[in-house]
Ligand SMILES: C[S@@+](CC[C@H](N)C(=O)[O-])C[C@H]1O[C@@H](n2cnc3c(N)ncnc32)[C@H](O)[C@@H]1O
């Protein structure tokens, strides 16, 4: 008589691979111990952890491009009720499996969604993580306008950027004075037609000035830089996005959101 070998954690991890998030499971097993970026995103979490309140009881949180849910689980451990969204069901399978491992299913919900679908989700979130997604989007400013409207309290935004931290003031120029646009510190985005770092899903890489300008333009105020290429933002009621005023019709058309 043959006995089936009991299923192990390693079997599950292997079946759910490949992993982009190195989750540390309760028994110490890691899902991607040989990650090319190191203990990812654990080292990124340690950069932002200090600017998020220790006690998130009663907070609603949104984790955009949640992948296997590393950040969602950290926020849930602090007491937040978390919605993690991702367009890729492969990663959501990992996230749902891991929620069971951590017994966090009651606090975390994962949904397969495009970031743009958030335009049709009711309500706002106290805390929004928008990390590692922006440069993967073909319509980044639309996404940022949508996400800014979903942010009631704070947003942590991370993207890859062009070299340099210069920020130039943006004066208004005559139509033929185009040289100004080439100046160091003018907000810019580089378009990636084929692939960047071997990845065909990378579309846009902004410079630091461009990131700040877009965040401001979406109605957000940058309050700090907790880590490399990470921006801590809050809604800025003194400078709301123009999509809430004169440009609202374009936003509504692009999102099919209606009023
Ligand atoms: C580079 S990973 C970042 C994962 C995680 N946020 C982090 O910082 O570690 C990008 C994630 O965003 C998801 N993603 C890419 N485009 C998306 C979109 N349009 N809507 C929702 N999720 C998207 C991918 O499936 C992937 O899980």
* Do you know which of the residues in the range 5-47 that are away from the ligand (no atom under 16 Å from the Cβ) and crowded, with 16+ Cβ neighbours inside 10 Å is farthest from residue 156 (Cα to Cα)? -> 12
* To do: Would you mind finding the one in 22, 96 that is in a loop (DSSP other than H, G, I, E, B) and in contact with a strand residue (DSSP E or B) (Cβ under 9 Å, 6 or more places away or on another chain)?
  => 22
* Return yes or no: is residue 61 over 16 Å from the mean Cα position of the chain (by Cα), more than 8 Å from the ligand (Cβ to nearest atom) and in contact (Cβ under 8 Å) with a residue 24 or more places away in the chain? => no
* Output the number of the condition that residue 123 fails; it satisfies all remaining conditions of (1) more than 24 Å from residue 53 (Cα to Cα); (2) more than 13 Å from the ligand (Cβ to nearest atom); (3) in a loop (DSSP other than H, G, I, E, B). => (1)
* To do: Looking only at the range 48-67, count how many residues are crowded, with 24+ Cβ neighbours inside 10 Å and more than 19 Å from residue 137 (Cα to Cα).
  => 1
* Structure fact -> Here the residues within the range 139-176 that are assigned to a loop (DSSP other than H, G, I, E, B) and either surrounded by 21 or more Cβ atoms within 10 Å (Cβ to Cβ) or in contact with a strand residue (DSSP E or B) (Cβ under 8 Å, 6 or more places away or on another chain) (or both) are 150, 159, 160, 162
* **Matching option when the condition is within 11 Å of the ligand (Cβ to nearest atom), under 20 Å from residue 150 (Cβ atoms) and free of Cβ contacts under 8 Å to residues at least 40 places away in the same chain, among 76, 95** => 95
* Has the range 206-215 got at least one residue that is within 20 Å of the chain's Cα centre (by Cα), in a loop (DSSP other than H, G, I, E, B) and modelled with pLDDT of 95 or more? -> yes
* Structure fact -> Taking the range 23-58 and keeping residues in contact (Cβ under 8 Å) with a residue 40 or more places away in the chain and either more than 24 Å from residue 89 (Cβ to Cβ) or out of contact with any helix residue (DSSP H, G or I) (no Cβ under 7 Å at 6 or more places or on another chain) (or both) leaves 26, 44, 47, 48, 50, 51, 52, 56
* For the subset of the range 79-92 comprising residues that are over 17 Å from residue 112 (Cβ atoms) and in a loop (DSSP other than H, G, I, E, B), which member is farthest from the ligand (Cβ to nearest atom)? -> 79
* To do: Kindly provide the set of residues from the range 164-183 that are free of Cβ contacts under 8 Å to residues at least 40 places away in the same chain and in contact with a helix residue (DSSP H, G or I) (Cβ under 9 Å, 6 or more places away or on another chain), ordered by number.
  => 171, 173
* Asked: residue 218 is checked against (1) touching a helix residue (DSSP H, G or I) at 6+ places or on another chain (Cβ under 7 Å); (2) closer than 26 Å to residue 68 by Cβ; (3) surrounded by 14 or more Cβ atoms within 10 Å (Cβ to Cβ) and fails just one. What number does that condition carry?
  -> (2)
* Tell me, yes or no, whether the range 98-106 has at least one residue that is within 15 Å of the ligand (Cβ to nearest atom) and within 24 Å of residue 202 (Cβ to Cβ). => no
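The values are calculated or read from the model by the stated rules, or taken from the named source; none is laboratory data. Predicted, not measured: the structure shown is a model, and the values here were computed from it. Backbone-built Cβ (ideal geometry, glycine too); neighbour counts: all protein chains shown.
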